[in-house]
Amino acid sequence: MLTKGDDYPIHQRSTPIAEVGTSRNFYDRYFFNGYTKDGDIFFGAALCVYPNLNIMDAAFTVAYKGIQHNVRASRILHQERLDTKVGPIEVKVIEPLQKLEISVNDKDANISANIIFDGYSAPLQEPQMYLHDGPRLTMDTCRMVQHGFWTGEININDETLNFSGKNSLGTRDRSWGVRPVGAYDSQPTAPMGLPQFYWLWNPAHFDDFTTQFHFVDNVEGEIINGHSIWQSKKNKEVENFKNLSKKVTYKEGSRRVDLLEITAEDSNSEVINLSVTPKKRIFM
């Protein structure tokens, strides 16, 4: 079961790279978002590998002029994880941990793209994420997050959208590990439960710095995992916030966030207040 990855010194087992050595639910994913500073354009992309299911899938979406345009694709993996192309969508690593390219060419949807993400902050490794269903570990994932600029163009119905660096911001994450995928386990724990958590993720760009907050709460609303980081754009300085709290106001009759208010303290115990109001509703 030799594949291209076996020619790189990245093995962690005494078997070929194609064998991940863990549950069928192992996944390995790219995720990107991007937007213009004026908020007129938002786009997102993802590509995920499921080695033990022998599947690779991908998606690309653009929200522009009140319409969301989508491209989705899936294929058989054939155990080859370095061929990161699914139908009309491809992700290429130009410079690891720094620069990646996304290409899209869907003639049926009349959507094409050639855009490059260039990180201006160092990648951040978030705390490991665990979730149990009784005694059974159902989620064990690692994730990194990076802020950056976008360059290139997206074409929708013969209209070209140009991205030129500092007017086009975005965030990417890379995550991998084990999490529930597809069919539910045929032999659940007893008594059968439905483990759940509340996820709130907010990377934000400012002129001289970025922030990245995330909250993972259990069913009782208690924080079980989180991350709160400030990064300077100039000198790569990184600082952890402390005494973190949040207040969420929902749109009436829904669980859609209408307003997010975050309060924290920096290393000098100065209070930081962040208020976030959603401008677009994106369906991924």
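Only the coordinates and a few stated rules stand behind these numbers; no lab work does. Note that the structure is a prediction, hence the values are computed from the model and not measured. A quick note on method: Cβ atoms are made from the backbone with ideal geometry, for glycine too, and the neighbour counts reach across all protein chains shown.
Under the convention that each Lys and Arg Cβ holds +1 and each Asp and Glu Cβ holds -1, the size of the dipole of segment 168-284 around its Cα centre is about 580 debye. In loop segments of segment 190-271 as defined by DSSP, the trypsin sites (Lys or Arg not before Pro) with at most 10 further C-beta atoms inside 10 Å of their C-beta are LYS234, LYS236, ARG255, ARG256.
Residues considered: GLY193, GLY253, GLY44. Largest GNM mean-square fluctuation over the chain, using C-alpha springs under 10 Å, is found at GLY253.
Counting only Cβ charges, +1 for Lys and Arg and -1 for Asp and Glu, the dipole size of the chain around its Cα centre is about 300 debye. Other residues lying with their Cβ under 15 Å from the Cβ of ASN268 contribute a combined charge of -4, Lys and Arg counting +1, Asp and Glu -1.
For segment 36-145, trypsin sites (Lys or Arg not before Pro) are listed when DSSP marks them as loop and at most 13 other Cβ atoms sit within 10 Å of their Cβ; the list is LYS37, LYS65, LYS107.
With the charge dipole of segment 1-144 set up from +1 on Lys and Arg Cβ and -1 on Asp and Glu Cβ about the Cα centre, the Cα lying farthest toward the positive end among the listed residues GLY66, ALA45, VAL86 is that of GLY66. The residues packed around ASP118, meaning those with a beta-carbon under 9 Å from its beta-carbon, carry a net charge of 0 if Lys and Arg are +1 and Asp and Glu are -1.
Structural descriptor for the chain: relative contact order 12 percent, calculated from alpha carbon pairs under 8 angstrom and at least 6 residues apart.
Modelled label positions at LEU194 and ASN243, each set 7 Å beyond Cα in the direction of Cβ, lie 3.9 nm from each other.
Remark: ASP266, ASP140 ranked as ASP266, ASP140, counting other beta-carbon atoms within 10 Å and listing the fewest first. Panel note: the C-alpha atoms of the chain, placed on their principal axes, show extents of 55, 55, 43 Å (largest first). Using a cut-off of 27 Å between Cα atoms, the listed pairs LYS37/LYS251; LYS37/LYS246; LYS166/LYS280; LYS65/LYS246 include LYS65/LYS246 as exceeding that distance.
With R₀ set to 35 Å, the beta-carbon distance separating LEU137 from ASN105 gives a calculated FRET efficiency near 0.30. Take the Cα of GLU19, go 7 Å toward its beta carbon, and the backbone nitrogen atoms of segment 77-99 under 20 Å from that spot belong to 77-82.
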